[in-house]
(Lines give C-alpha, C1' and ligand atoms only; values in the text may rest on other atoms or scores of the structure.)
Protein backbone atom coordinates (compact mmCIF):
# COMPACT_ATOMS: atom_id res chain seq x y z
CA UNK A 1 0.00 0.00 0.00
CA UNK A 2 1.34 3.44 -0.94
CA UNK A 3 1.93 6.10 1.67
CA UNK A 4 0.08 9.39 1.28
CA UNK A 5 2.95 11.24 -0.39
CA UNK A 6 3.44 8.48 -2.97
CA UNK A 7 -0.30 8.36 -3.62
CA UNK A 8 -0.44 12.12 -4.07
CA UNK A 9 2.55 12.01 -6.41
CA UNK A 10 0.95 9.27 -8.55
CA UNK A 11 -2.32 11.19 -8.82
CA UNK A 12 -0.54 14.38 -9.87
CA UNK A 13 1.38 12.43 -12.50
CA UNK A 14 -1.86 10.93 -13.75
CA UNK A 15 -3.32 14.39 -14.29
CA UNK A 16 -0.20 15.31 -16.27
CA UNK A 17 -0.40 12.11 -18.35
CA UNK A 18 2.95 10.89 -17.04
CA UNK A 19 1.90 7.36 -15.96
CA UNK A 20 2.21 4.21 -18.02
CA UNK A 21 -0.85 2.02 -18.50
CA UNK A 22 0.45 -0.45 -15.91
CA UNK A 23 1.01 2.38 -13.40
CA UNK A 24 -2.55 3.63 -13.94
CA UNK A 25 -3.92 0.14 -13.42
CA UNK A 26 -1.93 -0.24 -10.21
CA UNK A 27 -3.06 3.18 -9.00
CA UNK A 28 -6.73 2.32 -9.39
CA UNK A 29 -6.33 -1.00 -7.62
CA UNK A 30 -4.41 0.66 -4.79
CA UNK A 31 -7.19 3.20 -4.31
CA UNK A 32 -9.73 0.39 -3.96
CA UNK A 33 -7.78 -1.00 -1.00
CA UNK A 34 -6.85 2.24 0.73
CA UNK A 35 -8.32 3.79 3.85
CA UNK A 36 -11.33 6.08 3.20
CA UNK A 37 -10.07 9.03 5.24
CA UNK A 38 -6.63 8.92 3.66
CA UNK A 39 -7.99 8.71 0.12
CA UNK A 40 -10.45 11.55 0.76
CA UNK A 41 -7.74 13.84 2.08
CA UNK A 42 -5.36 13.09 -0.77
CA UNK A 43 -8.08 13.68 -3.38
CA UNK A 44 -8.86 17.08 -1.85
CA UNK A 45 -5.17 18.00 -1.73
CA UNK A 46 -4.54 17.02 -5.34
CA UNK A 47 -7.62 18.72 -6.76
CA UNK A 48 -6.64 21.89 -4.89
CA UNK A 49 -2.91 21.97 -5.65
CA UNK A 50 -3.15 20.96 -9.31
CA UNK A 51 -4.02 24.63 -10.01
CA UNK A 52 -7.27 24.00 -11.82
CA UNK A 53 -10.62 25.50 -10.83
CA UNK A 54 -11.45 22.35 -8.86
CA UNK A 55 -13.42 19.82 -10.82
CA UNK A 56 -16.77 21.13 -12.07
CA UNK A 57 -18.63 17.85 -11.54
CA UNK A 58 -18.45 16.45 -8.01
CA UNK A 59 -19.69 13.28 -6.37
CA UNK A 60 -22.20 11.95 -8.88
CA UNK A 61 -23.75 8.52 -8.51
CA UNK A 62 -25.80 6.66 -11.10
CA UNK A 63 -26.08 3.04 -12.06
CA UNK A 64 -23.12 1.93 -14.17
CA UNK A 65 -21.04 5.08 -13.80
CA UNK A 66 -18.11 3.15 -12.30
CA UNK A 67 -17.87 0.84 -15.29
CA UNK A 68 -18.50 3.69 -17.76
CA UNK A 69 -15.68 5.89 -16.48
CA UNK A 70 -13.32 2.99 -15.98
CA UNK A 71 -13.95 1.88 -19.57
CA UNK A 72 -13.43 5.44 -20.80
CA UNK A 73 -10.07 5.65 -19.03
CA UNK A 74 -9.09 2.23 -20.31
CA UNK A 75 -10.05 3.12 -23.86
CA UNK A 76 -8.11 6.37 -23.88
CA UNK A 77 -4.95 5.31 -22.11
CA UNK A 78 -4.75 1.64 -23.05
CA UNK A 79 -5.24 0.36 -19.53
CA UNK A 80 -6.00 -3.34 -19.34
CA UNK A 81 -9.28 -4.47 -17.77
CA UNK A 82 -9.14 -4.24 -14.01
CA UNK A 83 -9.39 -7.39 -11.98
CA UNK A 84 -13.14 -7.41 -11.18
CA UNK A 85 -12.88 -9.51 -8.05
CA UNK A 86 -10.15 -7.36 -6.54
CA UNK A 87 -11.82 -4.11 -7.54
CA UNK A 88 -15.12 -5.22 -6.01
CA UNK A 89 -13.57 -6.54 -2.82
CA UNK A 90 -14.02 -3.29 -0.93
CA UNK A 91 -16.34 -0.42 -1.85
CA UNK A 92 -16.20 1.95 1.11
CA UNK A 93 -18.33 5.07 0.92
CA UNK A 94 -17.14 8.64 0.53
CA UNK A 95 -18.92 11.96 1.10
CA UNK A 96 -22.57 11.71 -0.02
CA UNK A 97 -22.73 7.94 0.49
CA UNK A 98 -21.03 7.16 -2.83
CA UNK A 99 -18.48 4.36 -3.35
CA UNK A 100 -15.10 6.05 -3.02
CA UNK A 101 -13.61 4.34 -6.05
CA UNK A 102 -16.49 5.56 -8.19
CA UNK A 103 -16.02 9.12 -6.94
CA UNK A 104 -12.33 9.04 -7.69
CA UNK A 105 -12.77 7.44 -11.07
CA UNK A 106 -15.36 10.05 -11.98
CA UNK A 107 -12.95 12.80 -10.97
CA UNK A 108 -10.04 11.23 -12.84
CA UNK A 109 -12.10 10.27 -15.86
CA UNK A 110 -13.81 13.61 -16.28
CA UNK A 111 -10.63 15.62 -15.90
CA UNK A 112 -8.76 13.24 -18.20
CA UNK A 113 -11.52 13.49 -20.79
CA UNK A 114 -12.07 17.23 -20.58
CA UNK A 115 -8.40 18.22 -20.48
CA UNK A 116 -7.02 15.89 -23.12
CA UNK A 117 -9.64 14.44 -25.45
CA UNK A 118 -12.97 16.24 -25.17
CA UNK A 119 -14.19 18.91 -27.58
CA UNK A 120 -14.80 22.34 -26.03
CA UNK A 121 -17.63 22.28 -23.49
CA UNK A 122 -19.71 24.61 -25.63
CA UNK A 123 -19.84 21.88 -28.29
CA UNK A 124 -21.18 19.18 -25.98
CA UNK A 125 -24.75 20.46 -26.09
CA UNK A 126 -26.02 20.67 -29.67
CA UNK A 127 -25.18 23.87 -31.52
CA UNK A 128 -28.66 24.95 -32.69
CA UNK A 129 -29.44 26.16 -29.20
CA UNK A 130 -30.44 29.46 -27.70
CA UNK A 131 -28.30 29.85 -24.60
CA UNK A 132 -29.80 30.37 -21.15
CA UNK A 133 -27.40 32.32 -18.94
CA UNK A 134 -27.20 33.77 -15.46
CA UNK A 135 -26.45 37.45 -15.02
CA UNK A 136 -22.90 38.09 -13.74
CA UNK A 137 -24.20 40.31 -10.93
CA UNK A 138 -26.76 40.11 -8.13
CA UNK A 139 -30.32 41.09 -9.03
CA UNK A 140 -32.22 42.09 -5.88
CA UNK A 141 -35.07 44.44 -5.04
CA UNK A 142 -36.29 46.13 -1.88
CA UNK A 143 -40.03 46.82 -1.80
CA UNK A 144 -40.69 49.62 0.68
CA UNK A 145 -43.61 49.62 3.09
CA UNK A 146 -45.46 51.98 0.73
CA UNK A 147 -45.14 49.42 -2.10
CA UNK A 148 -42.40 51.25 -3.99
CA UNK A 149 -39.79 48.89 -5.52
CA UNK A 150 -36.12 49.91 -5.27
CA UNK A 151 -33.62 48.15 -7.53
CA UNK A 152 -30.39 47.26 -5.73
CA UNK A 153 -28.49 46.01 -8.78
CA UNK A 154 -26.25 49.05 -9.19
CA UNK A 155 -25.49 49.62 -5.50
CA UNK A 156 -21.77 49.14 -4.92
CA UNK A 157 -20.09 47.80 -1.79
CA UNK A 158 -19.71 50.57 0.79
CA UNK A 159 -22.30 52.76 -0.89
CA UNK A 160 -25.26 54.23 1.05
CA UNK A 161 -28.51 55.51 -0.43
CA UNK A 162 -31.61 57.03 1.14
CA UNK A 163 -35.05 56.51 -0.42
CA UNK A 164 -38.34 57.65 1.15
CA UNK A 165 -36.87 57.75 4.64
CA UNK A 166 -35.14 54.36 4.39
CA UNK A 167 -31.35 54.09 4.55
CA UNK A 168 -30.05 51.45 2.13
CA UNK A 169 -26.49 50.24 2.58
CA UNK A 170 -24.36 47.60 0.90
CA UNK A 171 -21.75 46.45 3.39
CA UNK A 172 -18.58 44.40 3.15
CA UNK A 173 -19.10 41.08 1.43
CA UNK A 174 -22.09 42.40 -0.51
CA UNK A 175 -24.51 42.16 2.41
CA UNK A 176 -27.44 44.56 2.39
CA UNK A 177 -28.58 46.49 5.47
CA UNK A 178 -31.70 48.64 5.78
CA UNK A 179 -32.75 51.08 8.51
CA UNK A 180 -34.92 54.14 9.05
CA UNK A 181 -33.02 57.32 8.21
CA UNK A 182 -34.93 59.21 10.92
CA UNK A 183 -35.68 57.75 14.36
CA UNK A 184 -39.08 59.42 14.41
CA UNK A 185 -40.16 57.20 11.51
CA UNK A 186 -39.70 53.96 13.46
CA UNK A 187 -42.66 51.61 13.15
CA UNK A 188 -43.02 48.04 14.35
CA UNK A 189 -46.07 47.41 12.21
CA UNK A 190 -44.62 48.39 8.85
CA UNK A 191 -42.63 45.85 6.88
CA UNK A 192 -40.33 45.86 3.88
CA UNK A 193 -39.81 43.00 1.41
CA UNK A 194 -36.38 41.95 0.16
CA UNK A 195 -36.49 39.89 -3.06
CA UNK A 196 -33.96 38.03 -5.18
CA UNK A 197 -34.57 37.43 -8.88
CA UNK A 198 -34.34 34.02 -10.50
CA UNK A 199 -30.65 33.30 -10.93
CA UNK A 200 -29.45 35.41 -7.98
CA UNK A 201 -28.83 34.98 -4.28
CA UNK A 202 -28.16 37.75 -1.77
CA UNK A 203 -27.57 38.35 1.94
CA UNK A 204 -29.34 40.76 4.28
CA UNK A 205 -28.43 41.86 7.80
CA UNK A 206 -31.49 42.34 10.00
CA UNK A 207 -31.91 44.95 12.73
CA UNK A 208 -30.84 42.51 15.48
CA UNK A 209 -27.67 41.49 13.64
CA UNK A 210 -29.08 38.22 12.29
CA UNK A 211 -27.92 37.34 8.77
CA UNK A 212 -30.18 35.79 6.13
CA UNK A 213 -28.98 34.49 2.77
CA UNK A 214 -31.79 34.20 0.22
CA UNK A 215 -31.68 31.63 -2.55
CA UNK A 216 -32.85 32.29 -6.09
CA UNK A 217 -36.41 33.64 -6.61
CA UNK A 218 -37.05 34.11 -2.89
CA UNK A 219 -38.37 36.91 -0.71
CA UNK A 220 -38.26 37.94 2.93
CA UNK A 221 -40.77 40.25 4.61
CA UNK A 222 -39.29 41.98 7.69
CA UNK A 223 -39.54 45.11 9.87
CA UNK A 224 -36.68 47.59 10.06
CA UNK A 225 -36.74 47.32 13.87
CA UNK A 226 -37.67 44.49 16.25
CA UNK A 227 -39.40 44.48 19.62
CA UNK A 228 -39.64 41.47 21.94
CA UNK A 229 -41.01 39.38 19.09
CA UNK A 230 -38.70 39.02 16.14
CA UNK A 231 -40.68 37.75 13.17
CA UNK A 232 -40.06 37.52 9.42
CA UNK A 233 -41.98 35.86 6.58
CA UNK A 234 -40.22 33.69 4.00
CA UNK A 235 -41.29 32.77 0.50
CA UNK A 236 -38.73 30.53 -1.19
CA UNK A 237 -35.48 29.37 0.42
CA UNK A 238 -33.03 31.00 2.82
CA UNK A 239 -30.24 30.19 5.26
CA UNK A 240 -30.53 31.90 8.64
CA UNK A 241 -27.83 32.78 11.19
CA UNK A 242 -29.89 34.10 14.10
CA UNK A 243 -28.42 36.40 16.75
CA UNK A 244 -29.10 34.94 20.20
CA UNK A 245 -31.62 36.76 22.37
CA UNK A 246 -33.18 34.78 25.22
CA UNK A 247 -35.85 37.42 25.78
CA UNK A 248 -36.91 37.74 22.15
CA UNK A 249 -37.52 34.47 20.27
CA UNK A 250 -37.05 34.62 16.50
CA UNK A 251 -39.88 33.33 14.32
CA UNK A 252 -39.92 32.53 10.62
CA UNK A 253 -43.32 32.07 9.01
CA UNK A 254 -43.78 30.22 5.71
CA UNK A 255 -46.87 29.16 3.80
CA UNK A 256 -46.89 25.82 5.64
CA UNK A 257 -45.24 26.29 9.02
CA UNK A 258 -43.68 28.46 11.70
CA UNK A 259 -40.10 28.08 12.92
CA UNK A 260 -39.19 29.34 16.38
CA UNK A 261 -35.61 29.79 17.63
CA UNK A 262 -33.58 31.72 20.18
CA UNK A 263 -30.24 31.76 18.38
CA UNK A 264 -29.19 29.21 15.79
CA UNK A 265 -28.31 28.40 12.18
CA UNK A 266 -30.78 26.68 9.89
CA UNK A 267 -32.05 26.45 6.33
CA UNK A 268 -35.69 26.84 5.36
CA UNK A 269 -37.14 26.03 1.95
CA UNK A 270 -40.78 26.90 1.26
CA UNK A 271 -41.45 27.59 -2.40
CA UNK A 272 -45.22 28.07 -2.86
CA UNK A 273 -45.43 25.73 -5.87
CA UNK A 274 -44.01 22.78 -3.90
CA UNK A 275 -46.12 20.40 -1.82
CA UNK A 276 -43.59 20.11 1.00
CA UNK A 277 -41.48 22.67 2.82
CA UNK A 278 -38.23 21.77 4.58
CA UNK A 279 -36.39 23.04 7.64
CA UNK A 280 -32.82 21.80 8.15
CA UNK A 281 -30.92 22.57 11.35
CA UNK A 282 -27.19 23.26 11.33
CA UNK A 283 -26.62 24.55 14.89
CA UNK A 284 -28.72 25.05 18.02
CA UNK A 285 -32.34 23.98 18.28
CA UNK A 286 -35.56 24.94 16.49
CA UNK A 287 -39.25 24.22 16.98
CA UNK A 288 -41.14 23.63 13.72
CA UNK A 289 -44.92 23.93 13.92
CA UNK A 290 -47.70 23.37 11.39
CA UNK A 291 -51.48 23.70 11.61
CA UNK A 292 -51.57 20.13 12.90
CA UNK A 293 -48.47 19.32 14.93
CA UNK A 294 -44.93 20.36 15.87
CA UNK A 295 -41.45 18.87 16.14
CA UNK A 296 -38.18 20.01 17.73
CA UNK A 297 -35.03 19.50 15.68
CA UNK A 298 -31.47 18.82 16.71
CA UNK A 299 -28.41 19.64 14.56
CA UNK A 300 -28.25 17.45 11.47
CA UNK A 301 -32.01 16.88 11.39
CA UNK A 302 -34.59 18.02 8.85
CA UNK A 303 -38.35 18.53 9.18
CA UNK A 304 -40.53 18.01 6.10
CA UNK A 305 -43.92 19.70 6.35
CA UNK A 306 -46.80 18.70 4.09
CA UNK A 307 -48.69 21.83 3.05
CA UNK A 308 -52.02 20.03 2.65
CA UNK A 309 -52.18 17.74 5.66
CA UNK A 310 -49.91 19.64 8.05
CA UNK A 311 -48.05 16.42 8.83
CA UNK A 312 -44.38 16.77 9.78
CA UNK A 313 -41.77 14.08 9.23
CA UNK A 314 -38.25 14.45 10.63
CA UNK A 315 -35.10 12.70 9.45
CA UNK A 316 -31.31 12.87 9.71
CA UNK A 317 -29.61 14.41 6.66
CA UNK A 318 -26.19 15.26 5.28
CA UNK A 319 -25.78 18.96 6.11
CA UNK A 320 -23.12 19.57 3.48
CA UNK A 321 -25.47 18.28 0.82
CA UNK A 322 -28.51 20.17 2.12
CA UNK A 323 -26.61 23.48 2.29
CA UNK A 324 -24.87 23.04 -1.07
CA UNK A 325 -26.76 25.91 -2.71
CA UNK A 326 -25.05 28.44 -0.41
CA UNK A 327 -21.68 27.51 -1.88
CA UNK A 328 -22.77 27.61 -5.52
CA UNK A 329 -23.85 24.00 -6.04
CA UNK A 330 -27.04 22.21 -6.97
CA UNK A 331 -27.78 19.14 -4.86
CA UNK A 332 -29.55 16.00 -6.03
CA UNK A 333 -30.62 12.93 -4.07
CA UNK A 334 -31.69 9.92 -6.16
CA UNK A 335 -33.56 12.19 -8.57
CA UNK A 336 -34.74 11.63 -12.13
CA UNK A 337 -33.65 13.94 -14.94
CA UNK A 338 -37.07 15.60 -14.79
CA UNK A 339 -36.54 16.40 -11.11
CA UNK A 340 -32.98 17.58 -11.79
CA UNK A 341 -34.19 20.01 -14.46
CA UNK A 342 -36.89 21.29 -12.11
CA UNK A 343 -34.18 22.18 -9.58
CA UNK A 344 -32.15 23.89 -12.31
CA UNK A 345 -35.23 25.90 -13.34
CA UNK A 346 -35.19 27.64 -9.95
CA UNK A 347 -32.06 29.43 -11.17
CA UNK A 348 -32.16 29.31 -14.96
CA UNK A 349 -35.03 30.82 -16.92
CA UNK A 350 -36.12 27.52 -18.46
CA UNK A 351 -39.43 27.98 -20.32
CA UNK A 352 -40.23 24.27 -20.34
CA UNK A 353 -38.84 20.74 -20.56
CA UNK A 354 -39.48 18.18 -23.30
CA UNK A 355 -38.58 14.58 -22.41
CA UNK A 356 -38.24 12.95 -25.85
CA UNK A 357 -36.61 9.80 -24.49
CA UNK A 358 -37.47 8.28 -21.13
CA UNK A 359 -34.53 7.32 -18.93
CA UNK A 360 -34.15 5.30 -15.75
CA UNK A 361 -31.01 7.24 -14.77
CA UNK A 362 -31.03 8.55 -11.19
CA UNK A 363 -28.71 11.30 -9.97
CA UNK A 364 -27.28 11.94 -6.51
CA UNK A 365 -24.65 14.43 -5.40
CA UNK A 366 -23.72 18.00 -6.25
CA UNK A 367 -22.79 19.88 -9.40
CA UNK A 368 -21.35 23.38 -9.52
CA UNK A 369 -23.53 26.18 -10.82
CA UNK A 370 -22.28 27.65 -14.11
CA UNK A 371 -23.17 30.91 -15.82
CA UNK A 372 -24.29 29.09 -18.96
CA UNK A 373 -26.92 26.37 -18.69
CA UNK A 374 -25.32 24.57 -21.65
CA UNK A 375 -22.12 24.10 -19.63
CA UNK A 376 -24.04 22.47 -16.81
CA UNK A 377 -26.02 20.26 -19.19
CA UNK A 378 -22.76 19.30 -20.81
CA UNK A 379 -21.52 18.07 -17.44
CA UNK A 380 -24.65 15.93 -17.08
CA UNK A 381 -24.13 14.49 -20.57
CA UNK A 382 -20.69 13.25 -19.62
CA UNK A 383 -21.98 11.08 -16.80
CA UNK A 384 -25.24 9.84 -18.30
CA UNK A 385 -26.70 8.36 -21.46
CA UNK A 386 -28.70 11.54 -22.14
CA UNK A 387 -28.27 14.39 -24.63
CA UNK A 388 -29.67 17.91 -24.29
CA UNK A 389 -30.66 20.69 -26.65
CA UNK A 390 -31.92 24.18 -25.80
CA UNK A 391 -34.48 25.56 -28.24
CA UNK A 392 -36.26 28.86 -27.64
CA UNK A 393 -35.70 28.63 -23.90
CA UNK A 394 -36.94 25.04 -23.66
CA UNK A 395 -34.72 22.07 -22.78
CA UNK A 396 -35.10 18.91 -24.86
CA UNK A 397 -33.89 15.63 -23.38
CA UNK A 398 -32.87 12.86 -25.81
CA UNK A 399 -30.71 9.76 -26.02
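When restricted to residues that are more than 15 Å from residue 264 (Cβ to Cβ), touching a residue at least 12 places away in the same chain (Cβ under 8 Å) and not in a loop (DSSP other than H, G, I, E, B), region 296-321 contains 9.
Residue 366 - would you say it is in a helix (DSSP H, G or I) and either at positive phi or in contact with a helix residue (DSSP H, G or I) (Cβ under 7 Å, 6 or more places away or on another chain) (or both)? No; evaluated as a whole, the condition is false for this residue. Look at residue 340 and say whether it is in contact with a strand residue (DSSP E or B) (Cβ under 7 Å, 6 or more places away or on another chain) and without any contact (Cβ under 8 Å) to a residue 40 or more places away in the chain. No.
The residue list 355, 312, 304 contains one member that is over 15 Å from the mean Cα position of the chain (by Cα) and either at pLDDT below 95 or more than 30 Å from residue 283 (Cα to Cα) (or both), which is 355. Considering the conditions (1) touching a helix residue (DSSP H, G or I) at 6+ places or on another chain (Cβ under 9 Å); (2) more than 25 Å from residue 219 (Cβ to Cβ), residue 336 is excluded by exactly one of them, (1).
Counting only strands (runs of 3 or more DSSP E) that sit completely within region 127-177, zero hold 3 or more residues that are touching a helix residue (DSSP H, G or I) at 6+ places or on another chain (Cβ under 8 Å), over 24 Å from residue 371 (Cα atoms) and free of Cβ contacts under 8 Å to residues at least 60 places away in the same chain. Where strands (runs of 3 or more DSSP E) fall wholly inside region 183-283, the ranges with 2 or more residues that are farther than 30 Å from residue 136 by Cα are 230-241, 250-253, 258-261, 276-283.
The values are calculated or read from the model by the stated rules, or taken from the named source; none is laboratory data. Source: prediction; values computed, not measured. Using ideal geometry, Cβ is built from the backbone for each residue, glycine included, and neighbour counts are taken over all protein chains shown.
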